[in-house]
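Below: one structure, written as structure tokens.
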Amino acid sequence: MQGFPFSTSFWFDDEIGASPPLRRDSQTEVVIIGGGFAGLSSAYYLRRCDPDIHITLIEAKHIGFGASGRNAGFVMNLPPLLWLLDDLANAQRVDDIRWTTAMILEHINAMGFLLEAESIDAEWTHTQHMLVARNCIEAATLRWLATRFTAAGLESSYYNGDATQMIGYPARAVLTFPVVLMHPYKLARGLQALLTRHDVQVFEQSPVTQIASDGKDVVVKTSGGTIRAQKAVLTTNAYIDRGALQTNIALPKASIYHTYLLATELLSPELQQCISPTGQPFADPSGSFFYGRLHDNRLLFGGIDRESRNTLADDHHLPSFERLYAEMLRRFPVLANVPLAAAWGGAVQETSTKAPIVRYADSNRNLVLNTGYGGGSGVGMGLLSGRLVAALIFEDATDVDALRLIDLYERSRFPLLGPVRTATGVVKQMLLGWFREL
Ligand SMILES: Cc1cc2nc3c(=O)[nH]c(=O)nc-3n(C[C@H](O)[C@H](O)[C@H](O)COP(=O)(O)OP(=O)(O)OC[C@H]3O[C@@H](n4cnc5c(N)ncnc54)[C@H](O)[C@@H]3O)c2cc1C
């Protein structure tokens, strides 16, 4: 049986540029709680909107400690994934989805330009993501997905037939679409350094133990001191420890899921060629959603797993890693003798609609919630989220795009007929495929 070299995250290094903990009471105009991409993006857009406002970001462990520093580094230009199952005969809905996709793309591109302009090395690379079909049902699923991508305004290309020149396991079809790959921890640390240069005060190793409102200010307590702020933004996502954080403010309910990743030891160019001849990342089209990418001569192979409670034991849940490893070898038997360099997991918070929560807390307009960034497209939406937060904090009615996206997230509902639509669409594509082959 494979032994797993568990770590918190393969990406973490020596925490270069780490900030000190909070050691005294202080006042600020806006305090952001949580140093993942949602928190970093909130600080960035607040600073962009007001160069003088006093902003403090407070993080329980270190910047990028949560999902933002553990993820696979895919920045997807996708709306909340369940939106793809919506009724596309509804012209208004299609317009909303297309508009959201364009908005996310615009912000992903803007992030790329920012990193370049600020010389932040986050290994930001544009490439094509491959969804790989191994049987006729998956191939039909891909054809159905292609129609959904087109409706959503996403470029994609469908390759039918032998795809051995694209992926190293037997495939019947491949659907490609643009994606950005990056190094998540370098991105988080790079954004932190940028914010520090722009006078955002960052405190690490400072878990918030209490959030309260005294009618005027939001009062945020840590063991090292208390921050009084006119406004607060909560971006703790799945990493919030509800047991250790007291608050009289109603927090949204969401489930917590885990995602797991393995990194192999260094691979020869020949082995890498066997995995992904084009060097492009790949994933299953099915609900199990296993995925992989080559990074620095290693394969990173991941999968989404079960609902969890977000404990340390969940991060290293052995049966999940055994399943993940078996899935990796099922696709790439050539890796059977290659040792693993790292195995890690992380939690994400997901709403039932897979749309994030960006809104004022119930009964308190001084607290903005910015959370619920689940797997798959969480990074892309999280990096843009600060724009929405800024519109709420500054009560800026002129940023109509931000308000429209907030409204779309808020009105998002589980598409009840979505599974039926998917099944019908896939069956239709299977029949069409067979007719074409006749
Ligand atoms: C293994 C894995 C792989 C993934 N792969 C992808 C991918 O390839 N592409 C993609 O789009 N998405 C992916 N995701 C999802 C993506 O990482 C998340 O959607 C995104 O990072 C969430 O960012 P966030 O800022 O909302 O939350 P987080 O990054 O979790 O940040 C929350 C922060 O709040 C801090 N915090 C919690 N409680 C307190 C407190 N009391 N006081 C102070 N601070 C506190 C935490 O320490 C943490 O740093 C993956 C997730 C995981 C776990």
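No value in this document is a laboratory result; all are computed from the given coordinates. Worth saying up front: this structure is predicted, and the values here are computed from it rather than measured. All Cβ positions, glycine included, derive from the backbone under ideal geometry; neighbour counts span all protein chains shown.
Points to keep in mind about this one:
- Under 5 Å, built H, 5+ apart or other chain: amide partners of residue 295: 300
- Global geometry of the stretch 230-325, whether rounded, prolate or oblate, following the gyration tensor of its Cα atoms and the 1.5 cut on a/c: prolate
- Radius of gyration over Kirkwood radius for the chain, both on Cα atoms: the Rg/Rh ratio is 0.97.
- In sequence order, the stretch 353-362 has phi-based couplings of 9, 6, 9, x, 10, 10, 6, 5, 5, 4 Hz under the Karplus curve 6.51 cos²θ - 1.76 cosθ + 1.60, θ = phi - 60°, and Gly or Pro positions carry x.
- Over the stretch 1-151, the Kirkwood radius and the radius of gyration, each from Cα atoms, give a ratio Rg/Rh of 1.04.
- Rounded to the nearest 20 debye, the dipole size of the stretch 114-160 about its Cα centre is 540 debye, using +1 on the Cβ of Lys and Arg and -1 on the Cβ of Asp and Glu.
- Of the residues 87, 96, the one with the fewest other Cβ atoms within 10 Å heads the list, and the complete ranking is 87, 96.
- For the chain, the share of DSSP beta bridges that are antiparallel, to the nearest 5, is 70%.
- Candidate cross-link partners of residue 231 among the lysines, defined by an alpha-carbon separation under 19 Å and a same-chain spacing of 8 or more, comprise 216, 221.
- If the convex hull is drawn through the Cα atoms of the stretch 153-248, its volume per residue in Å³: 231
- Set the Cα radius of gyration of the stretch 359-438 against 2.2 N^0.38 Å, with N its number of residues, and you get 1.66.
- Relative contact order [Cα under 8 Å, 6+ residues apart], the chain, whole percent: 25
- In the stretch 272-403, the ratio of gyration radius to Kirkwood radius, Rg to Rh, stands at 1.09 when only Cα atoms are counted.
- Short-range pairs are left out: with C-alpha atoms under 8 Å and at least six residues apart, the relative contact order of the stretch 276-338 is 20 percent.
- The overall shape of the stretch 68-167 is oblate: from the C-alpha gyration tensor, with semi-axes ordered a ≥ b ≥ c, the ratio a/c is 1.5 or greater and a/b is no larger than b/c.
- Tensor-based shape of the stretch 30-88 (alpha-carbon gyration tensor, a/c under 1.5 rounded, otherwise prolate or oblate): oblate
- Across every direction, the projection of the convex hull enclosing the Cα atoms of the stretch 324-384 has a mean area of 6.6 nm².
- Between 0 and 90 degrees, the angle of helix 400-411 with respect to the longest Cα principal axis of the chain falls at about 70 degrees.
- In terms of other Cβ atoms within 10 Å, 348, 420 run from fewest to most in the order 420, 348.
- Alpha-carbon centroid distance for the pair the stretch 40-94 / the stretch 247-306, whole angstrom: 19
- Legend: ranking of residues 351, 371, 141, 127 from fewest to most surrounding C-beta atoms inside 10 Å; resulting order 127, 351, 141, 371.
- Remark on residue 245: its backbone amide H falls under 5 Å from none of the residues 5 or more positions apart or on other chains, H modelled at 1.01 Å from N.
- Its DSSP H runs of at least 4 residues, each contributing -39,500 (n - 2.57), put the calculated 222 nm mean residue ellipticity of the chain at -10500 deg cm²/dmol, to the nearest 500.
- 0 to 90° range, to nearest 10: angle between helix 418-437 axis and the chain longest Cα axis: 30
- Angle in degrees between helix 378-393 and the longest Cα principal axis of the chain, rounded to the nearest 10: 30
- The Cα atoms of the stretch 210-282 define a convex hull whose projected area, averaged across directions, is 9.1 nm².
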